[in-house]
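The values are calculated or read from the model by the stated rules, or taken from the named source; none is laboratory data. A quick note: this is a predicted structure, and the numbers were derived from the prediction, not measured. Cβ sites come from the backbone with ideal geometry, for glycine too, and all protein chains shown count toward neighbours.
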Amino acid sequence: MPWDLIQLNDGNAIPSIAFGTWGIGNGQGTVDQVEQAISVGFSHIDTAQVYKNEEEAGRAVRESGLARRDVYITTKYSGLDGLDIETSIHNSLKNLGVEYVDLYLIHHPRVARPDIPTAWAEMETLSEQGLAKSIGVSNFGVDELAVLLASAKIKPAANQILLHPYVYARQAPLLAFDAAHGIVSEAYSALTPITHRPGGPVDEPVNEIAQRLNATADQVLLAWVKAKGAVAVTTSSKKFRLEGYLAAADLKLSTEDVAAIDLAGAKGARRDSFIKGVHVLAKLMLLGAVAFRIYAFLAEM
Ligand SMILES: NC(=O)c1ccc[n+]([C@@H]2O[C@H](COP(=O)([O-])OP(=O)(O)OC[C@H]3O[C@@H](n4cnc5c(N)ncnc54)[C@H](OP(=O)(O)O)[C@@H]3O)[C@@H](O)[C@H]2O)c1
């Protein structure tokens, strides 16, 4: 299997590419999409309480005919309906129709209530009860991880974060922190340069590499995630694309290729900050002009 297993700090291993179910809805269409992913070779399904399609994901896993141990299931505590962690995982297990999940994540630090140490202690209890083989977090930054680690008996196995070339420069310290603490980073929305930022500076190196390696741009971006040592959490409704994602594990990006993508990403991020700055300035100037008119109007009264 080209997308290797990555060893976790608790002795378990995680498949390094996942099919995600965010934004793919409910019903039979969702079951079909997850089944399609499993049929082309995905063995890691990433869902969440808040995606509201754990039931569909679980049905697809069962209908695939694969043994439970051959499918890796991640779900997340999203703080849905104000439910606590213990109630939520029992609901998720019921929805998924399984006795345990392979990885259970706190979806975001803001749902770690009443605070991170208390929420993490509840996660540790679930792990001790065998309801989750591994426990981890998502969208945690360095400061939040430091708070968690200060009282943790069990270290988080993984931290699922936004990672694509345009945010790489700002996420690099977090990737280093994860690695230094034996936490595996998982990358979501890695295809942002294609899906949300087409025409940005990353296109040039990605398209050049894709052409040279006879690959597609999405494959190059997933190979870039692999080069960063992260688990790729991606998705597609299309079979040909899913097959391409799996084949992307065989793409050999050189150090120079990775550096060219990093550099273009940083350039795009600087451009974003500049544009954001101009927008803020324009808004301030507009507000100033309105305030001046009001002042002038009142002064004439
Ligand atoms: N933990 C969190 O807070 C969090 C947040 C966001 C996402 N996630 C997880 O990550 C998973 C993936 O998130 P994402 O959708 O943002 O990831 P992504 O991997 O960046 O994007 C996937 C999308 O890219 C499109 N795509 C792929 N190649 C393309 C191409 N060459 N041209 C045009 N479109 C292309 C696919 O559309 P087609 O269907 O048309 O192929 C698909 O909808 C989610 O399902 C979820 O499991 C987690």
Exercise. Could you run through the range 75-95 and say how many residues are within 14 Å of the ligand (Cβ to nearest atom), without any contact (Cβ under 8 Å) to a residue 60 or more places away in the chain and not polar (S, T, N, Q)?
Key: 3
Quiz item: Out of all the residues in the range 230-238, is one or more basic (K, R), under 23 Å from Q36 (Cα atoms) and modelled with pLDDT of 95 or more?
Solution: yes
Quiz item: Name the pairs: first residue in the range 231-243 and farther than 20 Å from I14 by Cβ and near the ligand (Cβ under 6 Å from one of its atoms), second residue among the aliphatic types (A, V, I, L, M) and part of a loop (DSSP other than H, G, I, E, B), Cβ to Cβ under 8 Å, at least 6 apart or on different chains?
Solution: S237/I24
Practice problem: From (1) within 28 Å of A266 (Cβ to Cβ); (2) crowded, with 20+ Cβ neighbours inside 10 Å, pick out the condition that doesn't hold for E144. | Solution: (2)
Quiz item: Could you give every pair whose Cβ atoms fall below 8 Å, whose first residue belongs to the range 192-204 and is within 16 Å of Y168 (Cα to Cα), and whose second residue is assigned to a loop (DSSP other than H, G, I, E, B) and not hydroxyl-bearing (S, T, Y), counting only separations of at least 6 or pairs across chains?
Solution: T192/H164; P193/H164; P193/G200; P193/V202
Self-check item: Tally, over the range 2-31, of residues that are more than 23 Å from K252 (Cα to Cα) and within 13 Å of the ligand (Cβ to nearest atom)
Solution: 8
Exercise. Could you tell me which residue of the range 171-180 is farthest from the ligand (Cβ to nearest atom), considering only residues that are surrounded by fewer than 19 Cβ atoms within 10 Å (Cβ to Cβ) and either touching a residue at least 40 places away in the same chain (Cβ under 8 Å) or of a type in the set (G, A, S) (or both)?
Key: A180
Quiz prompt | strands (runs of 3 or more DSSP E) lying entirely in the range 1-88 (those with 2 or more residues that are of a type in the set (S, T, Y)) | solution = 72-77
Quiz item: In the range 210-222, what residues are crowded, with 23+ Cβ neighbours inside 10 Å and either away from the ligand (no atom under 14 Å from the Cβ) or within 15 Å of the chain's Cα centre (by Cα) (or both)?
Solution: L221, L222
Exercise. Could you tell me which residue of the range 33-74 is surrounded by the most Cβ atoms within 10 Å (Cβ to Cβ), considering only residues that are aromatic (F, W, Y) and closer than 11 Å to A18 by Cα?
Key: F42
Quiz item: Of all the residues that make up the range 96-118, how many are away from the ligand (no atom under 16 Å from the Cβ) and of a type in the set (A, V, I, L, M)?
Solution: 2
Quiz item: In the range 103-150, which residues are assigned to a helix (DSSP H, G or I) and of a type in the set (G, A, S)?
Solution: A119, A121, S127, A146, A150
Exercise. Could you list all residues from the range 147-170 that are in contact with a strand residue (DSSP E or B) (Cβ under 7 Å, 6 or more places away or on another chain), within 14 Å of the ligand (Cβ to nearest atom) and among the β-branched types (V, I, T)?
Key: I161
